[in-house]
Amino acid sequence: MVNAAMTHVPTTEAAPESTNVDPSVTAERPPPPPLPRVFAVANQKGGVGKTTTTINVGACLAELGYRTLVIDLDPQGNASTGLGVDHRGLETSMYHVIMHETPLENCVEPASIKNLFVAPASLELAGAEIELVAAFSRELRLRRAIDAVLDDYDYILIDCPPSLGLLTVNGLAAAREVMVPIQCEYYALEGLGQLLRNVDLVRRSLNPTLEVSVIVCVMYDARTKLSDQVVSEVREHFGDKVCRAVVPRTVRLSEAPSFGQPIITFDPSSRGAIAYRDVAKEVSRGATRRTR
Ligand SMILES: Nc1ncnc2c1ncn2[C@@H]1O[C@H](COP(=O)(O)OP(=O)(O)OP(=O)(O)O)[C@@H](O)[C@H]1O
Ligand SMILES: [Mg+2]
């Protein structure tokens with residue numbers, strides 16, 4: 001199981017000039033699963049970069065020409081606002097999809113990038129976590145909703161909330177793969193054991209082919225040895241599931257959502273944009289585009 005002890009003290013010692021792609025990892029990977037691919041972007045720790053990764057990997061996949069849907073499953077609605085969709089006062093949101101079986105396509109909005117679509121969350125979704133407890137087939141609501149639109153998209157990314165409640169379980173039950181952003185910080189791996197156990201539980205009871213297939217190291221700070229140590233430790237645990245590209249900690253990435261834009265339009269040549277483009281290329285490498 002994952003070792004939680006990240007006890008190293010960060011230093012400000014200069015690390016060698018870093019590129020986004022870790023040169024020490026060169027092994028070829030097997031081809032990715034066929035399209036459409038459905039990812040739950042999950043990590044029950046708060047503020048580790050789930051939403052930033054969902055928005056930006058989604059935008060970069062769309063830029064590569066893949067029809068991509070971002071599903072906002074977090075009542076905070078950060079993925080919706082980060083993609084320019086104001087989730088206040090929405091008539092139809094993921095709440096209605098999960099609780100009232102409204103067809104998913106009824107709540108999908110186009111984002112500002114071609115090929116990119118958003119199914120927004122609203123604050124009401126916080127109530128769904130409780131309302132679902134007594135609901136029939138409560139874990140499979142999202143999966144059924146997604147099944148009906150699968151043919152319309154190449155990639156579906158589900159931005160999960162920072163908990164392991166019923167909304168996240170719906171995300172895990174609906175996905176085929178799990179993408180886990182890991183912050184290059186103290187205790188990065190702490191609590192990950194719990195996520196992996198839950199993925200295992202969902203696999204055994206609801207979704208037999210679910211697997212954690214992509215790990216993205218985010219908020220990498222080249223000035224600290226700790227960042228490198230975390231990346232090495234993550235690679236030791238997860239091997240070639242870990243993206244070679246690491247996402248740097250940059251102010252531009254944290255500014256983009258308040259302008260309702262992914263980094264590739266907010267600041268297309270920034271380090272964050274380059275890193276997320278690399279991640280999207282890695283995720284989709286070898287995928288055969290579908291004809292429509
Ligand atoms: N690479 C980065 N560099 C700088 N800031 C970042 C980076 N990635 C994310 N952030 C910022 O860190 C904060 C947390 O990121 P984000 O919202 O993506 O995490 P989260 O895991 O979705 O959080 P929550 O658990 O609350 O849903 C945000 O303010 C975001 O803008
Ligand atoms: Mg989030």
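The values are calculated or read from the model by the stated rules, or taken from the named source; none is laboratory data. Note that the structure is a prediction, hence the values are computed from the model and not measured. Heads up, the Cβs are rebuilt from the backbone with ideal geometry, glycines too, and the neighbour counts pull from every protein chain shown.
Here is how the numbers come out for the structure above:
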item	result
Qualifying positions in region 117-139 - among the aliphatic types (A, V, I, L, M) and at pLDDT 95 or above	VAL118, ALA119, ALA121
Subset of region 88-105 [away from ligand 2 (no atom under 14 Å from the Cβ), closer than 19 Å to LEU166 by Cα and either modelled with pLDDT of 95 or more or not in a loop (DSSP other than H, G, I, E, B) (or both)]	SER93, TYR95, HIS96, VAL97, ILE98, MET99, HIS100, THR102, LEU104
Test: residue in region 200-221 that is farther than 25 Å from GLY165 by Cβ, more than 16 Å from ligand 1 (Cβ to nearest atom) and in contact (Cβ under 8 Å) with a residue 60 or more places away in the chain	no
Top-ranked residue in region 41-87 [being part of a strand (DSSP E or B) and more than 13 Å from ligand 1 (Cβ to nearest atom); ranked as nearest to PRO268 (Cα to Cα)]	THR68
Conditions (1) hydroxyl-bearing (Ser, Thr, Tyr); (2) within 20 Å of GLU255 (Cα to Cα); (3) touching a strand residue (DSSP E or B) at 6+ places or on another chain (Cβ under 9 Å); number of the one not met by SER112	(3)
Matching option when the condition is under 15 Å from the mean Cα position of the chain (by Cα), on the phi < 0 side of the Ramachandran plot and within 15 Å of ligand 1 (Cβ to nearest atom), among VAL283, VAL242, VAL246	VAL246
Residue match in region 246-260 (condition: buried (at least 19 other Cβ atoms within 10 Å of the Cβ), hydrophobic (A, V, I, L, M, F, W, C) and touching a Cys at 6+ places or on another chain (Cβ under 9 Å))	yes
Test: LYS50 is surrounded by 18 or more Cβ atoms within 10 Å (Cβ to Cβ) and within 16 Å of PRO262 (Cα to Cα)	yes
Of all residues in region 26-80 being modelled with pLDDT of 95 or more and acidic (Asp, Glu), the one that is farthest from ligand 2 (Cβ to nearest atom)	GLU63
Enumeration of residues in region 128-165 that are surrounded by fewer than 24 Cβ atoms within 10 Å (Cβ to Cβ), of a type outside the set (Asp, Glu) and within 16 Å of ligand 1 (Cβ to nearest atom)	PRO162, SER163, LEU164, GLY165
Cβ-Cβ under 9 Å pairs, at least 6 apart or on other chains, region 134-162 side touching a residue at least 24 places away in the same chain (Cβ under 8 Å) and within 16 Å of ligand 2 (Cβ to nearest atom), far side part of a helix (DSSP H, G or I) and among the acidic types (Asp, Glu)	PRO161/GLU129
Filter result (closer than 18 Å to VAL283 by Cβ and buried (at least 24 other Cβ atoms within 10 Å of the Cβ)) within region 175-203	ALA175, VAL178, MET179, VAL180, PRO181, ILE182
